[in-house]
Amino acid sequence: MHAPAQARSVRLTAAVVFLGLVTVSCGNGDHTKPKSSESQTTAAHSYTAAYDAGWREGKRLFEVGGKGAAIREVIWGGCVRGSLTAQPRDVVDDDRGAWVQGCKQGVRSGSVRHPPAKPVTRRESDPDLLNRFRSWADAHGEQQPARHASQVVLIHLDKRDYDVELATTYTGKSAKAKAQRLASAFVTWWDGDDGDETAWNLIVNAQDGKRLTVQAL
């Protein structure tokens, strides 16, 4: 038995509408989801996780050392220096500035939290510093190590604390002794801090970005 023409028409219309809804639904799944949502979530998690790790360490230091720990870690740069060896490295290295911020807040009182709303660490290339260092090295017999320095980057960890990172052409662990000589020359040349900011560490990296040595500034 065949359905009446009107009934067939209704069913056909319903089928077309249904297929249209399915197509729109699938299309929304492919195109309306922001492509950057995953990376944004990952970035947010990175600095939040780094802050939380720093906060836990700061709170531990406060519980052990009390108010004296706050002076040591905040005023004397303990949190900044500690960030270079803090664990877990994959969390800390995602945003070392956020870790430092958490550490400073945790060690001050162990209770007041002001987590960051965005990434904290800011990297700034400074070619002028590199040129000034090379000029000094030429005049003081340090041309050999200085020629391996390829870039100077200021790593701003918060509004006042920063580290200096020196990229080099060195490769492999065998270059560690050479990197230490380069670091010593740079520290000898370093003429202090500018304005209200404080530089704490010189980090010398190999060509592949791996850390070779660290010296205090």
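The values are calculated or read from the model by the stated rules, or taken from the named source; none is laboratory data. Not measured: the values here are computed from a predicted model. Cβ sites come from the backbone with ideal geometry, for glycine too, and all protein chains shown count toward neighbours. The area values use the complete protein model at the heavy-atom level, side chains included, leaving out ligands, DNA and RNA. Shrake-Rupley method; radii C 1.70, N 1.55, O 1.52, S 1.80 Å.
Ala117 label point, 7 Å along Cα→Cβ, cut-off 19 Å on backbone N: hits in region 147-191? Under cut-off, by backbone N: 158-159.
Taking other residues whose beta carbon is less than 13 angstrom from the beta carbon of Pro119, and scoring Lys, Arg as +1 and Asp, Glu as -1, yields 0.
Here's the picture: charge each Lys and Arg Cβ at +1 and each Asp and Glu Cβ at -1 in region 64-217, and of Trp136, Cys103, Ile155 the one pushed furthest to the positive end of that dipole is Cys103.
In terms of its Cα atoms, region 63-135 spans 47, 26, 21 Å along the principal axes, sorted from long to short.
If you bin every alpha carbon distance in region 58-182 into 10 Å steps from zero, what whole percent lands in each bin? Bins of 10 Å from zero give 12, 33, 29, 19, 7, 0 percent of pairs. Under the shape rule built on the C-alpha gyration tensor, where the axes satisfy a ≥ b ≥ c, region 125-217 is oblate, since a/c reaches at least 1.5 while a/b does not exceed b/c. So what does Asp208 come to for accessible area, using a 1.4 Å probe and Å² rounded to 10? Counting only protein heavy atoms, Asp208 exposes about 110 Å² to solvent. When Lys178, Lys104, Lys173 are compared by accessible surface with a 1.4 Å probe, the order from highest to lowest is Lys173, Lys178, Lys104.
A cut-off under 12 angstrom between Cβ atoms defines the neighbours of Asp138, and their net charge, with Lys, Arg +1 and Asp, Glu -1, is +2. The candidates His148, His156, arranged from most to least accessible area with a 1.4 Å probe in the full protein assembly, appear as His148, His156.
The residues packed around Tyr51, meaning those with a beta-carbon under 9 Å from its beta-carbon, carry a net charge of -1 if Lys and Arg are +1 and Asp and Glu are -1.
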